[in-house]
Every structure is written in structure tokens, then in C-alpha cells.
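Q: This is the structure, below, for whatever I ask next.
The values are calculated or read from the model by the stated rules, or taken from the named source; none is laboratory data. Small disclaimer: the values here were computed from a predicted structure and weren't measured. As a convention, Cβ positions derive from the backbone with ideal geometry for all residues, glycine included, and neighbour counts pool all protein chains shown.
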Amino acid sequence: MASKLRGKPCKRCGDIGCHCKDFRGAGCGDEACPKNSRGSYDLKDSPSLKVVKRLCNRGLVSLQFLKSFKEKMGAIKAVINSKSVHAVDDEEYWLKIRNLFAYDDEDARDAIPMNTANFAPTFHYVQLLMNEYNLELNKNISIQNRLDDLGEVIDTARALIATQLGVPSQEIALMRNGTEANNNVNNGQILQPTDEVVIWEQNHGTNNQAWFIRQAQRPFVIKTVPSEFNGASTDDEIVAEFMKLVNANTKFVTFSHLSNVGGRLLPGEKICKAVHATYPNCHVHIDGAMTWGCMNLNLVQMDCDSYSASAHKWFLGPKETGIFYMKTSRIPNFVPNTFGYDLKIILPPALYDDARRFETLGQRADPSLMCLLNTAEIMGGIGFQAIEDRVRYMGTLLYNGLQAFPDFPMTTPANESQRIGVMIASVNEDWGKLLVEYLYEHHRIAVWSTGGFRGSPTIATTTMHVQTLLDAIAEYRESNPQP
């Protein structure tokens, strides 16, 4: 491996997630070591800790779990609050953030995660807490336990995430993923033959092909905005291309905020406001799978009617968790895609009038929801604007490096305001697949061949990882030129 960014287990705590000062496990002088008394951090305002304390007081989790939680969350908070300003190029700080993830650069079994457009690691201590919480739940699976337990977790997680997105908590549903949320939109209303839906060609399949599946069951009109917008390039021109297809019959306008297949960031707020200015009853849905967790979002300001996302991508959260936002005024227009018990094990006698309408999904993974709360607290502690700035910075480093190769035509826009973390080069398709396999097999770098070549670094990686990737591509090109 070209870079050595990951150390051996800490000599005191034995944890590869310890952030010792020289990052080689040489001591325990690091403020974030959970076994170091100097690593304590004031958690009095931690919403996660308040929940765990209440659960412990009720006998729902053990004192040992409470102690472990304090150690692990305290260690994370010590890192993310080690500097008051999280400068975009402060590599010392961002290396500490990177080391909150468990993969080891020097372990041949691990991989550097730069395919965030598909999947990302969970914070190491959050994953350990989820494992412990699963064991705690296994000791007491009673309905009484889970009614007391899960209700507090849900309400606290919902409230924190809603605050971060600038919306009321009753407009946020906790889902299993963005796919589930998208299908609540495309399968939530009975459309008539004259009704129209406007989609973008680069929408994810759950917000693209899914509409055509519904259309085959009950006819309605689908209009598609081309991938390249008929040559339009500025934000205003792109908005105009959408508006050309919108009319009084249009019931839905829906698009991916950031394309996972082209790397383009759409002017979401401008599209929403343009549609609503002329057709206020038209529902605008944004698939935010690529922007929740890597952008500082305010959904009220954006003026979308609904927004979906998964936590396992840029939010760096537990698998099989996600969110679905919908304006209160729009919720009664939809029938949920699935109806069963809600998150508090209640079979509602009537559909809820708030976002809980979409949470009637039956049995859920309680520990995952607890750790969604933990992740939201951590991400908020780092700061979403700081994260957005860092992801843009990392993305630009990768974009510039890829663009420097003469045979790497960039699909991702050159305009920095129209991209963020997804960098795609339209290399030869077969050659791109071989390159991706080479990078994984020989350098343990996880990228993908979507669009030819796709890399998407986040705060779980560093600038040195980006350089390692570019060096490895150069190495492969030298001996394996594109056809």
C-alpha cells in the first residue's frame, strides 16, 4: 500500500480505532482513547446519552452498556470537538475523523472506501455500540421492554434529524432505505390516464423504472428530461428544460438531487420554486440519496414537497435505515406503500396525518434506529457545512487528478457548483471494469465502474487516499492502455 494512514492496535485499549498522537499505537497520549482518563468529554448535552441513561435507569440496558456508551461516544466527541474550526485542508483534523472508521490501510482484508455513491462504512464505535445493543435486546425481547425503549429512541432520532434538515419533526419518517421512501411516492396515489409525471433520465431506478412499472398497471403519462438537458448547461437553462415539460396536468416532478451515474448536482431549490410558482399543486419529489450527509440542507428553503435518502451512503450511518420527508399538507394525499405495525408496535386504526403514516412497516431493527440517532449526533457535531466543504475539496482533488489523464473524459461537470462528491470519467466500459478490479485486487481501493469509472471520497477517507488512487490508476494505465 502506498500510504500508511492506519496504525496498529493501541497498546492500552487494544482498539485499532484509537487515535494515538503518532497514529502508530506508540502511546496513549491521544485525547480520544476510550481508556484514557484524559479522553473524557462532557456529554451532558448529548441526546444519545440522555436516552441511554433513561434506558439504564429502567433496567432496559445494563450499567456496563452505559459505561461502554460513555467511553465510546466520549472518545468520538473528543475528536470532533478537538478544534473549534474544521478547516477544509486541516489534514491533521480530518485524519482523526478518518480514524473513527475501522478499516486498516495495511490490512489486505480491508479496503479504502471510495464508492460512497453506493455504500459507506459506519463509524467504528457506532457499529460496536449497535452490536452491544443487539446483545442487550437479546436478553429481554419482551414487548414491554421494546415499547418503553424504542419509543424514546424514535422520537429523539426523529427530532434531531428534523432539526438538522430545518423541518418539523412530524414531517420526518424513519425508513429502512431511500428505495422504500421513493416507492411511497410512485405508488402512493392513483393516477388518471391524463395525469403526467416528469422525471429526469438519470434518476435512480427506484425513481425511474419504478414509475414505468406503475404505468403498466394503470396508464398515465411519463415525460423524461434528457440526461444532458438538450445541451443546456447553466442552472437556469436546466430549470427551463424541466419547465418545458410541466403543465396543468403534471402531478409529479421528480429527480435525483445528485446523479449517481453522471455526477451532476441539480439546482434543486430553483427547480422546486419554478414548478411551484406556476403550478403550486404539483408535487416535487427529490431523491436525496447522494446529498443527505454530504450537504448542509434546509428542506424548507429548498421547497421540495418530499425528500428521500438512505443512511448507508454519505450519512455514514447504520445499514437499513433512512429518512422520508414530506410536507404536512401533502401527506394526506398519499396511501403508504406498506401497512402494518408502526415503530411503536401499534396497528393504527386509521392512517396517521403526519409522516408516521409511512412508518407502518412492521418489525424493525431496534438497534439500527438507536445508532441512527448516534450517527446524527456525530455528523451534527462535525458540522454539515464543514462536511460539505470537505467533500467538495476532496472531490475536486479527485476530479482534477482524473482530468489530467488524457484518456479520462469527465462526465461530472467542470462547474464546481454543479458537482460535489461523485466523480465519473467515461472511459472505455470494458477497460473501466478491469481497472476497478485491479484497484481492488492490488491496492484494496473500493471504487466502481458506473459510467466507465466512478470514485466518491468522503470524510471516511483522506487526501492521501485520493493520491493513492490516482497513483494506482497511473500505474495501471502505463501497462494497460485503453483500447
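Q: Pairs only if they're at least six apart or on different chains, beta carbon under 8 angstrom, first in region 398-417 and over 16 Å from GLU478 (Cα atoms), second surrounded by fewer than 20 Cβ atoms within 10 Å (Cβ to Cβ) and of a type in the set (Asp, Glu); list them, first residue then second.
A: Taking only residues 6 or more apart or on different chains, the pairs are SER417/ASP235.
Conditions tested, residue by residue: (1) assigned by the TED database to the domain that holds ASN187; (2) modelled with pLDDT of 95 or more.
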position	(1), (2)
ILE331	yes, yes
LEU351	yes, yes
ARG356	yes, yes
GLY362	yes, no
LEU372	yes, yes
ARG392	no, yes
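Q: Based on this model, can you work out whether CYS294 counts as more than 18 Å from the chain's Cα centre (by Cα), over 30 Å from LEU137 (Cα atoms), assigned by the TED database to the domain that holds GLN170 and crowded, with 24+ Cβ neighbours inside 10 Å? So that I can check it myself, show each step before the final result.
A: Values: more than 18 Å from the chain's Cα centre (by Cα): no; over 30 Å from LEU137 (Cα atoms): yes; assigned by the TED database to the domain that holds GLN170: yes; crowded, with 24+ Cβ neighbours inside 10 Å: yes.
Spelling it out, it is not the case that CYS294 is more than 18 Å from the chain's Cα centre (by Cα), over 30 Å from LEU137 (Cα atoms), assigned by the TED database to the domain that holds GLN170 and crowded, with 24+ Cβ neighbours inside 10 Å.
Q: Another one. TYR93 passes all but one of (1) in a loop (DSSP other than H, G, I, E, B); (2) closer than 25 Å to VAL422 by Cβ; which number fails?
A: That leaves (1) as the condition not met.
Q: Check LEU174 against each of (1) in contact with a helix residue (DSSP H, G or I) (Cβ under 7 Å, 6 or more places away or on another chain); (2) in a loop (DSSP other than H, G, I, E, B) and name the one condition it does not meet.
A: Only one criterion is unmet by LEU174, namely (2).
Q: Let me ask something additional. Which pairs turn up if I take residues in region 190-209 that are more than 17 Å from PRO226 (Cα to Cα) and look for partners that are surrounded by 17 or more Cβ atoms within 10 Å (Cβ to Cβ) with beta carbon separation below 6 Å, at least 6 apart in sequence or on another chain?
A: LEU191/PHE220; ASP195/PHE220; ASP195/LYS251; THR206/THR179; THR206/ASN182
The rows are residues; the columns are (1) crowded, with 21+ Cβ neighbours inside 10 Å; (2) within 16 Å of the chain's Cα centre (by Cα); (3) among the hydrophobic types (A, V, I, L, M, F, W, C); (4) not assigned by the TED database to the domain that holds THR338.
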position: LEU147; (1), (2), (3), (4): no, no, yes, yes
position: ALA159; (1), (2), (3), (4): no, no, yes, no
position: THR163; (1), (2), (3), (4): no, no, no, no
position: VAL167; (1), (2), (3), (4): yes, no, yes, no
position: ILE172; (1), (2), (3), (4): yes, yes, yes, no
position: ALA181; (1), (2), (3), (4): yes, yes, yes, no
position: ASN186; (1), (2), (3), (4): yes, no, no, no
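Q: Between residues in region 214-243 that are farther than 23 Å from THR194 by Cα and residues that are at pLDDT 95 or above and of a type in the set (D, E, K, R), which pairs lie under 8 Å by C-beta distance while being six or more apart or on different chains?
A: Cβ pairs passing all conditions: SER227/GLU201; PHE229/GLU237; PHE229/GLU241; ASN230/GLU241; ALA232/GLU241; ASP235/LYS270; ASP236/LYS270; VAL239/LYS270.
Q: Counting only residues that are assigned to a loop (DSSP other than H, G, I, E, B) and of a type in the set (A, V, I, L, M, F, W, C), which one in region 96-117 is surrounded by the fewest Cβ atoms within 10 Å (Cβ to Cβ)? If you could, list the steps in order and put the result at the bottom.
A: So the first thing to find is which residues in region 96-117 are assigned to a loop (DSSP other than H, G, I, E, B), and the list is 99-111, 114, 116-117.
Within this subset, residues satisfying the condition of being of a type in the set (A, V, I, L, M, F, W, C) are 100-102, 108, 111, 114, 117.
Values: LEU100: 24, PHE101: 24, ALA102: 18, ALA108: 8, ALA111: 19, MET114: 27, ALA117: 26.
Ranking the candidates gives ALA108 first.
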